[in-house]
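Beneath this line is the structure, given in structure tokens, with notes to follow.
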Amino acid sequence: MAYQASPTFARSPNECRGSDHQLRFSERKGSGTGAGSPLSSRRPSIDPCRLVPMDKTMHIGGSDEFNVLFIGAGNIMFGSPEGPWNHSFRLEHKLGPRLKVVAIIDPAIERATAMIQKKRDSFVVSAYEKTRVFRTLDDFVKNMAPRDRPRAVVIGSPPMFRGTLQPGRDIEIQITKHFPGVPLFTEKPIATGPQYEIGDALAIAKQIEETKTICSVGYMLRYLQGVQMIKQTIEENNLTVMATIARYACAYEAIAKPDWWDKSKSGGPVIEQGTHFCDLSRYFGGEVVLSSVVGHSLEFDEKPGHISKMQIDESKIAPENRISRITSATWKYESGAIGVFTHCVALQGTNYSCELEVYADGYCFRLVDPYVQPILYIRAPGEDIEKVLRFPDDDPFFSEISNFIDVVEDVEESPEAAVILSSYEDACRSYQLTWAIREATERSRAGRLPMRNGIEAKAL
Ligand SMILES: NC(=O)c1ccc[n+]([C@@H]2O[C@H](COP(=O)([O-])OP(=O)(O)OC[C@H]3O[C@@H](n4cnc5c(N)ncnc54)[C@H](O)[C@@H]3O)[C@@H](O)[C@H]2O)c1
């Protein structure tokens, strides 16, 4: 059956390619705080045609140096075999010879130094020839020459060291104290500390908002062309979302970081990685009524929770800190719509299996495999067959960095202005949702335990 482009649909990737719209966007210069005030619109969006991959974008012209400070020299900053993330690589492509990484803050001095050496041995040497490594931000500030003042700070340290007001875990506050007004790009999740510290994260969000600091949080899936096509179709047809159904099944065999398996360190897999899909659910469904969240989990000590290819020694983790194998939750959005979410620690191999469905009257949008080969299936009113859109060269990691830099460089308010899709305050709400899910499953488990113990006691 032929797909009818009626009612209005977002353009397919092919229809976008080569459009003069893309060219205009790439050539645009100037600066604007329009996008720098992401809180003015709680759910900003971008024309999917403007989300162009690295090799098809035009570099920002000019010769002025663009100083960047890196916090953390780990996988997100310099890449790892497990995935396509690598902020330094995207910044190099976005800024070209303008990029100057003034310093890297990382207590693992050797790791950071080795990363810089690798860059100096490559064709991007000009960005790193003067990069210095410091154990702490204070050390950098004490030794900083005025010409090294950063124009932007990219934070990729572990979340247990950020997102609070506690000394040593308050890097956002420290940065805004030493470099007021300097834009921040920070990774998700915004924190992983105990739930009672969420108030600290909200206080940071308030400070960022009050000081009008540009801040983008690394929920890169919001920048997928497929996600923006769903958004555009919803907006253009004035649709009301009825439900979001998200499934995030990781490939646990490939996860060898002991901290990831320990919820006292990582917060657990929903807070650490499922957060991407909780965030996307909110992006479409709106605010969640946190008190409505109910959930269940399958735990390591239940028979179906036994998994055979774990790469770490789980016996070294206290039983109460071991992660759930399956987490399942539902909730009401403030709009009345329903959210459904399942996280699975069940697959082996390396590829994750992730799908998000968004329902509205007559429509089902189904986003499949957003990490590797994103495919969007759209079922529209009057159709029994889904239209299939593929995005083979989409790069949301580049799009989020590219938009962040465009926002930092822009000063004019313009309908064409770049936008940040995930503000710090919005990311706090996603963090709250993931905590509400964890709490709901732990509550339900606590309620089940006396029953289970009773059954076991009877069996004895
Ligand atoms: N968006 C994505 O898909 C994606 C992918 C990977 C990682 N991440 C996120 O990036 C963050 C970092 O993850 P990673 O995989 O790079 O971790 P990592 O362990 O590989 O690297 C973290 C680095 O930070 C350093 N560090 C520790 N404490 C620090 C401190 N107080 N100040 C500065 N540096 C400090 C460590 O020494 C290490 O070099 C996490 O929040 C993670 O969730 C996101």
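Only the coordinates and a few stated rules stand behind these numbers; no lab work does. In this text the structure is predicted, and so the values were computed from the model without any measurement.
Here are the numbers:
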read-out: For region 235-258 versus region 283-297, the gap between their alpha-carbon centres in whole angstrom; value: 13 Å
read-out: Ellipticity estimate at 222 nm from DSSP helix runs (n ≥ 4, -39,500 (n - 2.57)) divided over the chain, nearest 500; value: -9500 deg cm²/dmol
read-out: Distance between region 376-406 and region 98-139 - C-alpha centres, whole angstrom; value: 35 Å
read-out: Derived scalar couplings ³J(HN,Hα) [region 93-110; Karplus, 6.51 cos²θ - 1.76 cosθ + 1.60; whole Hz; x for Gly, Pro]; value: 6, 5, 9, x, x, 6, 5, 10, 7, 6, 6, 10, 9, 6, x, 8, 4, 5
read-out: 5 angstrom amide H check on residue 52, placed H, neighbours 5+ away; value: none
read-out: Residues whose placed amide H lies under 5 Å from that of residue 249, excluding near-sequence neighbours; value: 344, 353, 354, 355
read-out: Per-residue HN-Hα couplings for region 261-276 [Karplus 6.51, -1.76, 1.60; θ = phi - 60°; Hz; x = Gly/Pro]; value: 8, 10, 6, 6, 9, 8, x, x, x, 6, 5, 7, 10, x, 3, 4
read-out: Across 188/212; 177/265; 119/206; 188/387, pairs whose alpha-carbon gap is larger than 30 Å; value: 119/206; 188/387
read-out: For residue 103, residues with placed amide H under 5 Å, excluding near neighbours; value: 70, 132
read-out: All lysines inside 21 Å of residue 309 as judged from Cα atoms, apart from same-chain residues fewer than 8 positions distant; value: 257, 263
